[in-house]
Every structure is written in C-alpha cells, then in structure tokens.
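Peer 1: Pasting in a structure now, in structure tokens, and then I'll have a few things to ask.
The values are calculated or read from the model by the stated rules, or taken from the named source; none is laboratory data. Since the structure is predicted, the reported quantities are computational estimates derived from the model, not experimental observations. Here the Cβ positions follow ideal geometry from the backbone for every residue, glycine too, while neighbour counts run over all protein chains shown. Keep in mind that these areas ignore ligands, DNA and RNA; they rest on the heavy atoms of the full protein, side chains included. Shrake-Rupley method; radii C 1.70, N 1.55, O 1.52, S 1.80 Å.
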Amino acid sequence: MRVIGLMSGTSYDAVDAAAAELRLDGDTLVLKPLGMVSAPYDGELREALASALPPAAVPLAEVCRLDTRIGQAFAAAAVRANSELCGGRAELVASHGQTVFHWADGDGRVHGTLQLGQPAWIAEATGLPVVADLRARDVAAGGQGAPLVSLVDLLWLRGRPGTPVALNIGGIANLTAPDGTAFDTGPGCALLDAAARQFSGGRLAYDAEGALAARGRPHRPLLDRLLAEPYYALAAPKTTGKELFHAGYLRAAGLDGLGAQDVLATLTALTARTVADGVRSVGATEVIASGGGTRNPVLMGELRHLLAGVALSTSDDLGLPAAAKEAYAFAVLGFLTVHGLPGTDPRSTGARHPSVLGSVTPGRDGLRLPPPARGGPVRLTVEA
C-alpha cells in the first residue's frame, strides 16, 4: 500500500509529506521510502498560528479559520506528494495535523489534545481516504497521547544490540527505549526558536546551524534557573509542549540583560543537558536521532560531549531521513489503522491498553478498507 504521511511539528514551520510503500510480510512490516516533499507555511498563516498558540486567548472564529487553512496547506502537500513521489497512485493519507494544545496538568496527567488541519480538505483534494486525529484515542484510553511514534521506534529498533534509543529533536524532544519507556525530555528547539525570534524582532525563525549559539557562552545562573523546572523531575511516561515552553516562559526566567548569543548558547546547553539526562536515565548504549535539531551542529556537538561513550548517529544511517522520520512514522500509523491494528504501546504512553488510532475520512470512492490483518507486526524493516 502506498501511503502519504503528513506532519507539522511543534516548530510549526512547514508541512512535511513523506510517501512510503508499506506491506506486511508475516510478522514484519516492510517500509520502502519513496521520498519527501516539504512545503513551508506561508508567512501569514505561520504568523496567525504563532499568535494563536498558548498562552494566547483565541476566539473560536480564529480556530475555525486556522483549522481550514491548515487543512488546505496539508491538502496541497498531499497532492504534491502523490504526484511527485507516488506517480498519482497513492492509496491512503495519514495526517498528524498541527498540534495547537495538549491539555496536561502539572502532575503529568493529560486530559485532552487538539490538532488542527481539517482532513476533509485533504480527502477532497486527493480523492483518498484520510486517517487523522491520531492522538485523541490514546488520551481517551488514559495515555499521554505522546510520544506517539514510540510503537514505530520499538518495531524499527528491535533486534539491535545493546540498548538503542530513538531520539527526536523537534520543538520538543522525545525518546523511546527498547523496554517501551518513552517520554518528552523537554524543549528541543522550542526555546531556541523563541529566542531567535525575540532577539531578531521576528526576522529569524530559528538559529540556523547554531551560528548565534556558537558565538556565545552559557550563562550559569540562567541555566540553573531553567534546569529547576519541575517538569524534568516527573517520572515517565510524561509529555509536554509549547503550552509550557514558549516565549513567555523564557522571558519569565529572567534573561539578566544577556545578548542573543549568550542566551542561545545557554538554551542550547539546556536542551543538550535535558536530552542527555533522559538518555542516561534509560541506560542507552546507542542513540539514533532525527528531527530538525539534528541540523544544528552546535547542539549535536554538545550532545556528543555529554554522551561520551554512547554512540550517537542519525536515522539517515538506518535508511530513514532524519528530516522525514516522523512523517514516515505517521504513514505507518495510518497503515496500521486501516488494517485494524493498534498504533500504540501502553508502556510508552501510559494508556490502559493498545488502541487503533484516529478517525477515517472517506475518499472520493467511499470507504473501502483492506481486510483486517490477523496480527500486528513485531518488527519493522526499511527496504532500500
């Protein structure tokens, strides 16, 4: 089955569309990557989305507009991926949507989650069935709804020697260990991006290649205040987001009159430290990283320093492009859903049981699902 996975993460800069050929071969799920296209949000939509994220108060009219416009952006990316990567022969779209709120208490309990990007626009534009709203079912089953790609990571890394850990560094960083332990470690690039925008007056969306941080020095008092955040002491499973780690959070920390370079160096140290602490807590012998943060050489260099003795590579080395890995993961989750198979591991999210994820919007020809699979896969292999 040719599946398009759509993803826009907590950095909300673009829609990534990855296409894959997926098939069940006994107890193995085989994934053949077909490529990825990425479409940046237009400036007006990105600004509207940034203005609507917590802690902003947003009228329902704006929620409706965002749901529609994000859905249209996702639809355009899916149409392009079908044409350019699948030769017009895609059979399914799996859309993560754009997370705008994850309702979590200070003690780590999650009560709800909201992703925008109305799937009807995707189904209408492509003519294909769409699996969307994938997080909500896990939350309803008592889970965190995140990290949602953990099942894919568990299948993918099964059989590797030692204790391999999958790490994703997006706006928020998360990891998955082979025993099923999974959690958000804290801010990946979220605070880095917020600082870059603040110090540049909105001119910079992020610190490209860590250039500003490379010219600064971490400020120990600020770093100590940031490391005192109670979230880091919570036990796994746990999840967080920009509901906590946003520009206002950074301002409240008190920047001590520091310039952009020292603040960004401090925030880079914060991300590296909290990720490294999480990796060490699960006894990792190997880390396979993905996400936009892997393109920041200063951050990756600091991680290598803190994780001396632990092999650190990117998912590219295992056949999944680091920039597209989450989009491929959601393609897998959509494939599992239409085959009637669970897309979660309760050890990772804290749910009461595994769940078949998402809601399905029919395509142009109605809803024709494949026969339910007799059993779920126990491993995932990537085919060149």
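Peer 1: Where only protein heavy atoms count, and the probe is 1.4 Å, what is the accessible area per residue for the stretch 279-384 in Å²?
Peer 2: Numbers: 4790 Å² over 106 residues.
Counting only protein heavy atoms, the per-residue value for the stretch 279-384 is 45 Å².
Peer 1: Also, I was wondering about something else. Accessible area of the stretch 1-120 with a 1.4 Å probe: how many percent of it is carbon plus sulfur? Intermediate values should be presented prior to the final figure.
Peer 2: Details: 2650 of 5030 Å².
Carbon-and-sulfur percentage of accessible area, whole number: 53.
Peer 1: Would you mind getting the accessible area per residue of the stretch 1-104, heavy atoms of the protein chains only, 1.4 Å probe, in Å²?
Peer 2: Details: 4250 Å² over 104 residues.
Solvent-accessible surface per residue comes out at 41 Å².
Peer 1: Next question. Whole percent per 20 Å bin, from 0 to the bin with the longest distance: what is P(r) over all C-alpha pairs of the chain?
Peer 2: 30, 60, 9, 0
Peer 1: When ranked by the protection proxy of mean other Cβ atoms within 10 Å per residue, highest first, what sequence do the peptides 354-364, 226-236, 322-332, 170-180 form? If you can, show how the numbers build up before the last one.
Peer 2: Numbers: 354-364: 18.5, 226-236: 14.5, 322-332: 27.3, 170-180: 23.2.
Put in order of decreasing packing, that is 322-332, 170-180, 354-364, 226-236.
Peer 1: Still on this structure, I have one more. Taking each full run of DSSP H in the chain as one helix, which ones are at least 30 Å long along their axis (Cα atoms) and have mean Kyte-Doolittle hydropathy of at least 0.0? Don't skip to the answer; put the middle values down first.
Peer 2: Details: long enough: 60-86 (37 Å, 0.44); 260-281 (31 Å, 0.43).
For the chain, where a helix must reach 30 Å along its axis and average at least 0.0, the hits are 60-86, 260-281.
Peer 1: Which of the three applies to the stretch 1-125, rounded, prolate or oblate, going by the alpha-carbon gyration tensor with a ≥ b ≥ c and a/c under 1.5 meaning rounded? It would help to have the intermediate numbers written out before the result.
Peer 2: On the way: a/c = 2.49, a/b = 1.52, b/c = 1.64.
Cα axes put the stretch 1-125 in the oblate bin.
Peer 1: Could you point to the residue in ALA141, PHE245, LEU116 farthest towards the positive end of the chain's charge dipole, with +1 and -1 charges on the Cβ of Lys/Arg and Asp/Glu respectively?
Peer 2: Projecting each Cα onto the dipole axis, the largest value belongs to ALA141.
Peer 1: Per residue, how large is the accessible surface of the stretch 127-214? Use a 1.4 angstrom probe and give square angstrom. Present the calculation step by step, with values, prior to reporting the outcome.
Peer 2: On the way: 2570 Å² over 88 residues.
Per residue, the stretch 127-214 has an accessible area of 29 Å².
Peer 1: Taking the alpha-carbon distance from LYS325 and a cut-off under 20 Å, which lysines remain once sequence neighbours fewer than 8 residues away in the same chain are dropped?
Peer 2: LYS32
Peer 1: On to the next question. Tell me what the chain gives for mean residue ellipticity at 222 nm when only DSSP H runs of n ≥ 4 count, each as -39,500 (n - 2.57), the sum divided by the residue total, rounded to 500 deg cm²/dmol.
Peer 2: Numbers: 13 runs with 137 residues, N = 384.
Counting only the DSSP helices, I get -10500 deg cm²/dmol.
Peer 1: Got a number for carbon plus sulfur as a percent of the stretch 257-384's accessible area, 1.4 Å probe? Display every interim value, and only then the final one.
Peer 2: On the way: 2740 of 5290 Å².
Carbon with sulfur: 52 percent of the solvent-accessible area.
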